[in-house]
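Engineer: Here's a structure for you.
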2 protein chains.
Amino acid sequence: MAQSSKTNRRIVLAERPRGEPDETTLRMEEAPVPEASAGEMLIRTEFLSLDPYMRGRMNDAKSYADPVGIGEVMTGQVVAEVVSSKLDGFAAGDRVLASSGWQDWAVSDGREVLNLGPAPERPSWALGILGMPGFTAHAGLYGIGAPRAGETLVVGAATGPVGATVGQIGKIEGCRVVGVAGGPEKCAHAVETLGFDACIDHRAEDLQAQLAAACPDGVDIYWENVGGRVLYGVLPLLNPFARIPVCGVAGWYNLERLPDGPDQGPQIMGTILRMKVKMQGFIIFDNFGPEEYARFRSDMEKWLAEGRVRYTEQMVEGLEAAPAALNDVLTGRNFGKVVVKVG
Amino acid sequence: MAQSSKTNRRIVLAERPRGEPDETTLRMEEAPVPEASAGEMLIRTEFLSLDPYMRGRMNDAKSYADPVGIGEVMTGQVVAEVVSSKLDGFAAGDRVLASSGWQDWAVSDGREVLNLGPAPERPSWALGILGMPGFTAHAGLYGIGAPRAGETLVVGAATGPVGATVGQIGKIEGCRVVGVAGGPEKCAHAVETLGFDACIDHRAEDLQAQLAAACPDGVDIYWENVGGRVLYGVLPLLNPFARIPVCGVAGWYNLERLPDGPDQGPQIMGTILRMKVKMQGFIIFDNFGPEEYARFRSDMEKWLAEGRVRYTEQMVEGLEAAPAALNDVLTGRNFGKVVVKVG
């Protein structure tokens, strides 16, 4: 069923998943298309972004953002077209970046909505390299990672939209960049297209030995996207004063309970102590503001124009395909930034 | 056997311990008293400091400092008397702060030796509240913990020389200070003498519940001295943007292998991510320099004079008592700063 001007398809959280979300987790509903009152606009979703953080919002746990309620529309950033507007600053035909979630239609009062203008060149990029994932990579790497030429940077989820950007910025700054990704195809992409110095398949039995071989001078920055074996493989390689921006632990998002032992806590904490490591978690819009955003936009537009940063987008057709595509993102079956073409 | 001018008793590392050091770990030897050449001085140990970090130096592991070699004198800070000097700036009768280790006599070229003058008021305090432990507490709390009035600070090993100082500085800065210590006597001392708001026995079955009750507004700073159950009890209480200076993980120093599971890694890393926690390991003389040291000395001398900081020292008699006393420090059987009166 395609997008229609008569009904609003929306995907709501039906029940909280245990482990990997399945067909009982999300439910598609139909509702009337809402109407815009004075001071509001009606927007129609064109592209929906899928991101690992969405798994966390399905849990009823203390976190940086409120969980999605049962029966509520799943949260998510979209690029939408303004269909009608009773709001200054937004006109029919404008494209906007909004957080209206997994649905065809929404009404907005314009708060926290960015107007991309009537004809943005690549509107969906506002969900990726020129949006939240790109800003996350840029601000987190400069603000916490503090890369210096000659240092070694290890990046988990190396071909994901954040990891790929982190690694390419690392190369621009003169670092040795070692990616970790799932499978030979992604690893080849990281080295051949993104320009990483090496990329290791995280499924390798001898992951730790391969990491050690790829990082002969140790590791100065570990960009944490995934947790698990990659983290545990990097810990023994950290140099004094290493930095670890903690951007995600995607390998652990579907955990139902803590994994079997041994307890790696002493290894984590002991390494932080002995190596004087700085580890810092961050949520992009909580930790960084307009100043960092301006620097990101300026750098990234320049690098894209110069071809120094490459961007891979995987387009998924249809809102109904979003739940399965999110599971692909969570388990690494995607390639690059996943965007759903909704309408 | 007491200190003698004829022989140099010295305690050397006989073999690397597995788990808690025992009677085979250290060995007392006798050697001739060394002689000072031109540009050197002969010093006689009066006080030897015992500190948790010494356990780490017994291991042959990658760390911030080289391990003590088998057959080498155990490392340690001392206050010593200059007996004879062929070195400018040091005269017979001066007291010095040196790193000459677990022995009666040593020759020094004066490098990294601090002259305390001929008549310091309380010479042994240079090993504690006015020395490395005090500086560790002050620089780590201000430099990483960044306390603000009204915040909640949790301190492990609350009556140890670092923890007691951290907590008292926290009170001076207007924090709610909750200590964790071993046993009711130490907890009473933390509250009644040191002025903490609460102190919890880490052996309590319901440690987590007691921590939660003592921290109704969550935890903004966790001073990590111990690891283990205290860390795992604090993690769920951390507030957004919490800071964790990692000063030690004394509860884990005697581990021979990683403990049984579950693996708490996902809990540690997930909390850092969701709560945007900054965790930073530090080694006092690697992370902080003369500027922080000057500020520490100025603050601490003022606070001691005003009675706003209290200091507890436990004096142990005789070099031969040092090995057992170090085990007491490592297992929390000490009370306050442990200093060995050598001669």
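Engineer: According to a simple spin-label model (label point 7 Å from Cα along Cα-to-Cβ), what is the distance in nm between A:SER298 and B:VAL107?
Structural biologist: 6.1 nm
Engineer: Using unit Cβ charges (K, R positive; D, E negative) and no other charged atoms, how large, in debye to the nearest 20, is the dipole of the protein assembly as shown about its Cα centre? Don't skip to the answer; put the middle values down first.
Structural biologist: Numbers: 66 positive and 88 negative charges, 93 e Å.
Magnitude of the dipole: close to 440 debye.
Engineer: Related question: What does the structure give for B:280-287 when I average, per residue, the other chain Cβ atoms found within 10 Å of the residue Cβ?
Structural biologist: Per residue, the number of nearby Cβ atoms from other chains is 5 on average.
Engineer: With Kirkwood's inverse mean 1/r over C-alpha pairs for Rh, give me the Rg to Rh ratio of region A:132-285, two decimals please.
Structural biologist: A ratio of 0.93.
Engineer: Using a Gaussian network for chain A with springs between C-alpha atoms less than 10 Å apart, which of these wobbles most: A:SER84, A:SER49, A:SER100?
Structural biologist: The residue that fluctuates most here is A:SER84.
Engineer: Counting only heavy atoms of protein chains, what accessible area per residue, in Å², does region A:132-285 have with a probe of 1.4 Å? Mind dumping the intermediate values first?
Structural biologist: Values: 4830 Å² over 154 residues.
Result: 31 Å² of accessible area for each residue.
Engineer: How many percent of the accessible area of region A:132-285 is carbon or sulfur, using a 1.4 Å probe?
Structural biologist: Values: 2490 of 4830 Å².
Whole-percent figure for carbon plus sulfur exposure: 52.
Engineer: Counting helices only, and only those DSSP H runs with n ≥ 4, report the 222 nm mean residue ellipticity of chain A as the sum of -39,500 (n - 2.57) divided by its residues, in deg cm²/dmol to the nearest 500. If you can, show how the numbers build up before the last one.
Structural biologist: On the way: 10 runs with 91 residues, N = 343.
Rounded to the nearest 500, it is -7500 deg cm²/dmol.
Engineer: Also, I was wondering about something else. About the Cα centre of chain B, what is the dipole size in debye to 20, counting +1 per Lys and Arg Cβ and -1 per Asp and Glu Cβ, all else neutral? Intermediate values should be presented prior to the final figure.
Structural biologist: On the way: 33 positive and 44 negative charges, 117 e Å.
Charge dipole, chain B, about its Cα centre: 560 debye, nearest 20.
Engineer: How big is the dipole moment of region A:132-285 about its Cα centre under a simple scheme where the beta carbon of each Lys and Arg is +1, that of each Asp and Glu is -1, and everything else is neutral? Debye, nearest 20, please.
Structural biologist: Working: 11 positive and 14 negative charges, 88 e Å.
About 420 debye.
Engineer: Which residue, chosen from A:GLY332, B:LEU87, A:ALA190, occupies the Cα position most advanced towards the positive end of the dipole of the protein assembly as shown, where the dipole is computed from +1 (Lys, Arg) and -1 (Asp, Glu) charges on Cβ about the Cα centre?
Structural biologist: Checking the options against the dipole of the protein assembly as shown, the answer is B:LEU87.
Engineer: Ranking request for peptides B:143-150, B:108-115, A:175-182, B:328-335: highest mean number of other beta-carbon atoms within 10 Å first, then the rest in descending order.
Structural biologist: A:175-182, B:328-335, B:143-150, B:108-115
Engineer: Relative contact order for chain A using alpha-carbon pairs under 8 Å, separation at least 6, rounded to a whole percent?
Structural biologist: Values: 726 pairs, mean separation 59.7, N = 343.
Across chain A, relative contact order equals 17 percent.
Engineer: What nm distances, shortest first, do you get from the label point of A:ARG203 to those in the other copies when the point sits 7 angstrom along Cα to Cβ?
Structural biologist: 5.1
Engineer: Pick out, from B:TYR232, B:ASN254, B:PHE285, the residue whose Cα sits farthest towards the positive end of the charge dipole of chain B, with +1 on the Cβ of Lys and Arg and -1 on the Cβ of Asp and Glu.
Structural biologist: Positive-most Cα among the choices belongs to B:TYR232.
Engineer: When each pair of different Cα atoms in the protein assembly as shown is counted once in the 1/r mean, what is the Kirkwood radius in angstroms, to one decimal?
Structural biologist: Values: mean 1/r = 0.0359 Å⁻¹.
Roughly 27.9 Å, rounded to one decimal.
Engineer: Normalised by the residues of region B:132-285, what does the relative contact order come to in percent, with Cα pairs under 8 Å and at least six apart?
Structural biologist: Across region B:132-285, relative contact order equals 22 percent.
Engineer: Averaged over its residues, how many other protein chain Cβ atoms are within 10 Å of peptide A:240-250's Cβ atoms?
Structural biologist: Details: counts 5, 5, 1, 1, 3, 0, 10, 1, 3, 8, 0.
Averaged over the peptide's residues, the number is 3.
Engineer: What residue of chain A sits with its beta carbon nearest the rotation axis taking A to B, and at what distance in whole Å?
Structural biologist: A:GLY261, 1
Engineer: With each label point set 7 Å from Cα along the Cα-Cβ vector, what nm distance links B:ALA204 and A:THR193?
Structural biologist: 5.6 nm
Engineer: Considering only the other residues whose Cβ falls under 10 Å of the Cβ of B:VAL82, what net charge follows from Lys and Arg at +1 and Asp and Glu at -1?
Structural biologist: Within the 10 Å Cβ shell, the charges total 0.
Engineer: Report, for B:VAL83, each distance to the same residue's label point in the other copies, shortest first and in nm; define the point 7 Å along Cα→Cβ.
Structural biologist: Nearest to farthest, the other copies are at 9.4 nm.
Engineer: Shortest first and in nm to one decimal, what separations exist between B:GLU29 and its copies in the other chains, measuring from label points 7 Å along the Cα-to-beta-carbon line?
Structural biologist: So the label point of B:GLU29 gives 7.9 nm to the other copies.
Engineer: Which FRET efficiency, nearest 0.05, do B:LEU114 and A:ASN59 yield, Cβ-Cβ r, R0 45 Å? Display every interim value, and only then the final one.
Structural biologist: Numbers: r = 54 Å, r/R0 = 1.20.
Efficiency computed from Cβ-Cβ geometry: 0.25.
Engineer: Another question, if that's okay. Pick out, from B:THR165, B:GLY218, B:LEU141, the residue whose Cα sits farthest towards the positive end of the charge dipole of region B:132-285, with +1 on the Cβ of Lys and Arg and -1 on the Cβ of Asp and Glu.
Structural biologist: B:LEU141
The values are calculated or read from the model by the stated rules, or taken from the named source; none is laboratory data. Nothing here was measured: the structure is a model prediction, and the numbers come from that model. Cβ atoms come from the backbone with ideal geometry, glycine included; neighbour counts cover every protein chain shown. Areas reflect the complete protein model, heavy atoms only, side chains present, ligands, DNA and RNA absent. Shrake-Rupley method; radii C 1.70, N 1.55, O 1.52, S 1.80 Å.
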